[in-house]
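Encoded as structure tokens, the structure appears first; notes follow it.
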Amino acid sequence: MDRRSFVESMAGVGMLAAQSGASAQAQEAGRKTRLYRLDYFYYHQGDQTARLTDFLTATAPVIAKHVPTVGVFSAVLAPHAQTMLVLSGYSSVEEMEAASRAVTEDPTYRKAHDELEKSPEGSYDSLQRVLLQATDFSQEVVPLAEKPKSPRYFEVRIYHSPTGRQLGLVHERFAKAEIAIFHRSGVHPILYADTIIGPEMPNLTYIIPFATLADREKAWDAFNADPEWVRVRNESVARGGQIVNFNNLSLWRATAFSPLQ
């Protein structure tokens, strides 16, 4: 993982405008974290697996010193089985850039980076980076008070809408009724966010932790059978059409060294 890839600029006129608006909303709502970054590290079987794991094990504590929210996950069910996912959260673009500089200048990070780069195979095959903006109805991502006995599973759901207007209706459905149905069914997302730089926009990403896969299955069964959810979904389709035209689902498990468990 070269230092340039970690600190490469996210700047762009549209994104900076969105971030400025997000900062104003964050101040109004008293929220600290409005931007979240998803880094997908795609690797192949062989030495890359151990090297990337060793690198992230060594550097996760360094990143956590400078980044308010950090989670490191390994793929359980994903389009590319050999993937590590790093979630990081920031209050602003400026904080993201400052944190990246601080991390890559840290001696522990630099040593781990140099070790990672020794192999002629490369440290990973490719990196996909997505920048998200938390919705107004999203909460702060807060680590557990106590580390669980075993790392939790995290489900990442990405809902793609045909238009920006229909994505707005997705927001409305979540905020008005769907979240309440989630909670009584045992589904407790820690983040709802729109992609502001990334593929297949417009879309909304939300992330749900579960203690076990059995808990996940039980919760989703309860949600799908809830009469109010059936009514709410039918009403939203009648009003706005198929406001979600397709969705992507992936399952991840927190690594033992992930600050977010």
Extension gain from residue 234 to residue 213, taking 0.36 nm per residue of separation minus the Cα-Cα distance: 4.7 nm
Net charge of neighbours whose Cβ lies under 12 Å from the Cβ of residue 180, counting Lys and Arg as +1 and Asp and Glu as -1: 0
Neighbour net charge for residue 203 - beta-carbon separation under 11 angstrom, K R +1, D E -1: -1
Residue among 251, 132, 213 with the largest mean-square fluctuation in a Gaussian network model of the chain, springs linking Cα atoms under 10 Å: 213
Degrees, to the nearest 10: 107-116 long Cα axis against longest axis of the chain: 90
Cross-link table 118/147; 149/176; 118/149; 32/147, entries beyond 31 Å C-alpha to C-alpha: 118/147; 149/176; 118/149
Cα-based helix-to-principal-axis angle, 93-105 vs the chain, degrees rounded to 10: 30
Charge sum, other residues only, whose C-beta stays under 15 Å from residue 47's C-beta, Lys/Arg counted +1 and Asp/Glu -1: -3
Highest-first arrangement of 117-124, 139-146, 54-61, where packing means the average Cβ count within 10 Å: 54-61, 117-124, 139-146
Other-chain or far-sequence residues with amide H under 5 Å of residue 69's (modelled H): 89
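No value in this document is a laboratory result; all are computed from the given coordinates. On a predicted model such as this, the values are computed, not experimentally measured, just so you know. Note: ideal-geometry Cβ built from the backbone for every residue, glycine included; neighbour counts use all protein chains shown.
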